[in-house]
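Here is the structure we will look at.
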Amino acid sequence: MVERSASDPSARAPGPSGRPDLWAGVMFAAIGAAGLYLMRGYEMGTAARMGAGYVPRLVCWGLVALGSVIALRGFSAEREEEDGVAWRPLAFVSLAIVAFGLMVERTGLVAAAAGLIGLGALAGRDVRPLETLTLGAALIAGSVLVFVWCLGLSLPIWPEF
């Protein structure tokens, strides 16, 4: 009889741990199912005359299907070695989103988006400043173009002094 050490991956108990695709698929399917449940009262309509629930219902069914496929692939995949939680990206991306939400009304879309990009860039270990600035400027210009000019949202572009 062959003894296996605790560090041997085949010695661990079977289960979903170490399979991130499985959990991602379950999450997508659960969000889709929750959306289907929440919009059960919306009128579906027809393809020619869509009701309020037509497109959201299609999106939710797509999420359920996508989540099912990803979960099945994740369940059949080999286990990955767990490295633990990556705290730096989790902290900086969360901080960037909260900072954007707090800044956008006070400082304008340009400054809030610049703060979002700057804080978000700190989440990575090998940040390339020139690429971050170039892509950030394109993202800010695209955000102003789409949200302020095309959609007509009443977001301040610059801070008012």
* Failed condition for G18, given (1) part of a helix (DSSP H, G or I); (2) at pLDDT below 90; (3) surrounded by 14 or more Cβ atoms within 10 Å (Cβ to Cβ) -> (1)
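Give the residues of segment 66-123 that are among the basic types (K, R) and outside any helix (DSSP H, G or I), sorted by residue number.
Of everything in segment 66-123, just one residue is among the basic types (K, R) and outside any helix (DSSP H, G or I), namely R79.
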* Structure fact -> Listed by first then second residue, the pairs whose first member lies in segment 93-119 and is at positive phi, whose partner is surrounded by fewer than 18 Cβ atoms within 10 Å (Cβ to Cβ) and of a type outside the set (K, R), with beta carbons under 7 Å and at least 6 positions apart or on separate chains, are G108/P156; G108/I157; G108/W158; G108/P159
* Test A30 against the stated conditions and say whether it is part of a helix (DSSP H, G or I), surrounded by fewer than 15 Cβ atoms within 10 Å (Cβ to Cβ), among the aliphatic types (A, V, I, L, M) and at pLDDT 90 or above. => yes
* Structure fact -> All conditions in (1) in the same structural domain as A34 (by TED's automatic domain parsing); (2) part of a loop (DSSP other than H, G, I, E, B) are true of W158 except (1)
* Asked: Conditions: (1) at pLDDT below 85; (2) under 19 Å from V64 (Cβ atoms). P9 meets all but one. Number of the miss?
  -> (2)
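The values are calculated or read from the model by the stated rules, or taken from the named source; none is laboratory data. Keep in mind that this is a model prediction, so the values were computed, not measured. Cβ sites come from the backbone with ideal geometry, for glycine too, and all protein chains shown count toward neighbours.
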